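Read through the structure below, which is laid out as structure tokens, and then see the notes.
All of the numbers you see were taken from the coordinates with simple rules; none came from a lab. This structure is a prediction, so every number in the text was calculated from the model and none was measured. Backbone-built Cβ (ideal geometry, glycine too); neighbour counts: all protein chains shown.
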């Protein structure tokens, strides 16, 4: 009888360990990729419904999840000055954005590949600039764009001045998320900087020594003044 009880205890303990290990293996670590799983989902400035709304997001939109606070996900966004906002966890899926078909006036299409480029780029927000860097240990501006596009299977020229020869030209008024944007100072003969357009007049880039990967406006201030050209890599 005692032997039977001992075996039972060992079996129960082993099962508990297995369950705990399984639970741990499925735990979510942040940051991670996610997507909006509802329609007209409010992107809010704080983790409850009393906070203001930046925009309403559509089903399938990829998001970069930074953390979970209660029943809210903290996600990257260029719409907020702090670089992040909140989505209700009830309307967010974890993992790769699904390949959905959207109906718009009879036309169909899959989730934008350019949005996937932005999602990859946003994983490095806050990473310090490293001159000559082209790995997640640190990036310079063109090392950053090259690395992000490499994750999508595209090879860009290494330096910013040469990335103008990648892709096809696109006007500033026709920019889409994922397009690369090139900058040249007034009267300069050479392009000196490059970033990735994220939408809403904003880009994500690795600026300079002493700074970090972050969002910046391309419609006012310094980067508006030295805007030079844009290229669409994914067509």
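Taking 0.36 nm per residue of sequence separation and removing the Cα-Cα distance, the residue 208/residue 68 pair yields an extension gain of 47.3 nm. Along each principal axis, taking the top coordinate minus the bottom one, the Cα set of region 161-235 gives 34, 28, 20 Å in descending order. Annotation: extensible slack from residue 79 through residue 135 equals 17.5 nm (criterion: 0.36 nm per residue apart, minus Cα-Cα distance). Computed from the C-beta positions of residue 151 and residue 219 and an R0 of 30 Å, the FRET efficiency is 0.65 to the nearest 0.05. By the count of other C-beta atoms within 10 Å, a proxy for reagent exposure, 141, 226 are ordered fewest to most as 226, 141. If you wrap the tightest convex hull around every Cα atom of region 153-200 and split its volume per residue, you get 94 Å³.
Per-residue Cβ neighbour counts within 10 Å put 49, 189 in the sequence 189, 49, beginning with the fewest. Short-range pairs are left out: with C-alpha atoms under 8 Å and at least six residues apart, the relative contact order of region 113-232 is 30 percent.
Based on the reciprocal of the average 1/r between different C-alpha atoms, the Kirkwood radius for region 113-232 equals 13.8 Å.
Counting beta carbons within 10 Å around each of 152, 202 and listing the fewest first gives the order 152, 202.
A crude spin-label estimate for the pair residue 235 and residue 51, with each label 7 Å from Cα along the Cβ direction, gives 4.1 nm.
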